[in-house]
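Trainee: Quick one: structure below, then a few questions.
Each value in this text was obtained by applying a stated rule to the coordinates, not by laboratory testing. As the structure is a computational prediction, the values presented were derived from the model and not from experiment. Here the Cβ is made from the backbone with ideal geometry for all residues, glycine too, and neighbour counts use every protein chain on show.
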Amino acid sequence: MSVARTPPARAGSWPGVIEAYRPYLPVSAKTPVITLLEGNTPLIHSPALSERAGRRCRVYLKYEGLNPTGSFKDRGMTVAISKAVEAKSVAVLCASTGNTSASASAYAARAGLRSIVLIPSGAIALGKLSQALIHGAEVAAIEANFDACLALARELSARYPVTLVNSVNPHRIEGQKTGAFEICDALGQAPDVHLTPVGNAGNITAHWRGYREYRAKGRIRKLPVLLGFQAAGAAPIVRGRVVPRPKTIASAIRIGNPASWRSAIIARDESRGAIASVSDRQILDAYRLLAQEDGIFAEPSSAASVAGLLASAKAGYFARLGRGRPLTIVCILTGHGLKDPERAIKSSQMPPTLPPSLTAVAKAVGLGRR
Ligand code: F0G
């Protein structure tokens, strides 16, 4: 299949992240652009969270769940898959807690490449598994956690002619930095504080690179403080040691030995930020609050950034940082809530089953008598 000269599929004027940020990305005129028009996700003001963050705080949500496969991974995948095609690769491989595999399999399908994905058996959300399957990936469910799957994927890619598209592939990080570019483009500057969930730590690495490059090019003047959040039962960076059996309901960030550990620490320290942990209870509270007060359905792992925002506000962090100045704060919502419908249902009351009777229905749904 020849993809090299196919013009990018366009809808409206957004051309996808490679065309939108071409001078910042490792592509040339010879790189075939494999895109599903990812990026350009909305930066949504949150009145509910602004109020909770404290006086003079303005909180925005970068809703990455609106990417083509429902997560931020598409930003990195468009670059990784385009470069794989340019390098004449015929197959791509990844280990995944779900979203990377959904994205890899979709972009590989688009490019006419084979995709192989290794997932921890029984440990990824159903929506994500359904994506890899329907896009035609060869899926292997491994009786091990994500960290072991990634080690296996690295070894396979060293021995067989397959391109590894986890975030250890530098093209992934390059693409994902466009998330930071878009935030700056929307605000006209960098935010004061940028909060993000941390799993394998690729995204925090990528965002920091994006902000630094934008400042080097004079697009922004100051850099944000980066705050990363791991789940308490899967918080190796916070604890300073590998977690052999990570545990959390936030399956996307159930990672005990992040590949980009060192660069996450650099991002944390250079930005004068922090990487902290939030409990599953805090994550689920933030998950419901987002859905019920902001109308935004993000997956539980995404809500880690909002849980971190609420905990930081409670601890007086923003008041100390702002010292009376207004603060612009951005939380990254990394993936869509529909990825994990089971969790949404478990977090809610099941609806009653009723006869088709006006009075019974009116009573059950709280409309009372008339
Ligand atoms: N949020 C979601 C929804 C994710 O899927 C991931 C990572 C993260 C946050 C953390 O990002 O790894 O760059 O620190 N998911 C990977 C996957 C590991 O396989 O889909 P990170």
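Trainee: Quick one: in region 187-209, which of the residues that are of a type in the set (S, T, N, Q) and out of contact with any helix residue (DSSP H, G or I) (no Cβ under 7 Å at 6 or more places or on another chain) is nearest to the ligand (Cβ to nearest atom)? So that I can check it myself, show each step before the final result.
Mentor: The first filter runs over region 187-209 and keeps only residues of a type in the set (S, T, N, Q), leaving 189, 196, 200, 203, 205.
Among the residues that remain, those that are also out of contact with any helix residue (DSSP H, G or I) (no Cβ under 7 Å at 6 or more places or on another chain) are: 189, 200.
Working: Gln189: 24, Asn200: 3 Å.
If we take residues in region 187-209 being of a type in the set (S, T, N, Q) and out of contact with any helix residue (DSSP H, G or I) (no Cβ under 7 Å at 6 or more places or on another chain), then Asn200 is nearest to the ligand (Cβ to nearest atom).
Trainee: Here's something else I'd like to know. Checking the structure you have, find out if any residue of region 238-246 is crowded, with 21+ Cβ neighbours inside 10 Å and under 28 Å from Ala108 (Cβ atoms).
Mentor: yes
Trainee: Could you list, ordered by first residue, the pairs with Cβ atoms under 6 Å in which the first is in region 161-172 and touching a residue at least 40 places away in the same chain (Cβ under 8 Å) and the second is among the β-branched types (Val, Ile, Thr) and more than 12 Å from the ligand (Cβ to nearest atom), at least 6 apart or interchain?
Mentor: Note: pairs meeting the criteria are Thr163/Val92; Val165/Val92; His171/Val79.
Trainee: Which members of region 290-315 meet the condition of being farther than 15 Å from Pro47 by Cβ and free of Cβ contacts under 8 Å to residues at least 12 places away in the same chain?
Mentor: The answer is Lys314, Ala315.
Trainee: Could you check region 106-183 for helices (runs of 4 or more DSSP H) lying wholly inside it with 3 or more residues that are surrounded by fewer than 20 Cβ atoms within 10 Å (Cβ to Cβ)? Can you show your working first?
Mentor: Numbers: elements: 126-134, 146-159, 170-176.
The qualifying helices (runs of 4 or more DSSP H) are 126-134, 146-159.
For every residue, the table says whether it meets (1) touching a Leu at 6+ places or on another chain (Cβ under 7 Å); (2) within 14 Å of the ligand (Cβ to nearest atom); (3) closer than 28 Å to Ala111 by Cβ; (4) among the acidic types (Asp, Glu).
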position	(1), (2), (3), (4)
Val139	yes, yes, yes, no
Asn145	no, yes, no, no
Leu152	yes, yes, yes, no
Tyr211	yes, no, no, no
Arg219	no, no, no, no
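Trainee: Continuing with this model, one more query. Among the residues of region 66-81, is there at least one that is surrounded by fewer than 24 Cβ atoms within 10 Å (Cβ to Cβ) and within 14 Å of the ligand (Cβ to nearest atom)?
Mentor: Kept after step one, since they are surrounded by fewer than 24 Cβ atoms within 10 Å (Cβ to Cβ), are these residues of region 66-81: 66, 68.
Of the ones still in play, those that are also within 14 Å of the ligand (Cβ to nearest atom) are 66.
The answer is yes, given that some residue of region 66-81 is surrounded by fewer than 24 Cβ atoms within 10 Å (Cβ to Cβ) and within 14 Å of the ligand (Cβ to nearest atom).
Trainee: What number of residues in region 309-346 are among the aliphatic types (A, V, I, L, M) and farther than 23 Å from Ala250 by Cβ? Don't jump to the end; show me each part of the working.
Mentor: Going residue by residue through region 309-346, those that are among the aliphatic types (A, V, I, L, M) are 309-311, 313, 315, 319, 321, 327, 329-330, 332-333, 338, 344-345.
Next, from what is left, pick out any that are farther than 23 Å from Ala250 by Cβ: 319, 321, 327.
The number of residues fulfilling the criteria is 3.
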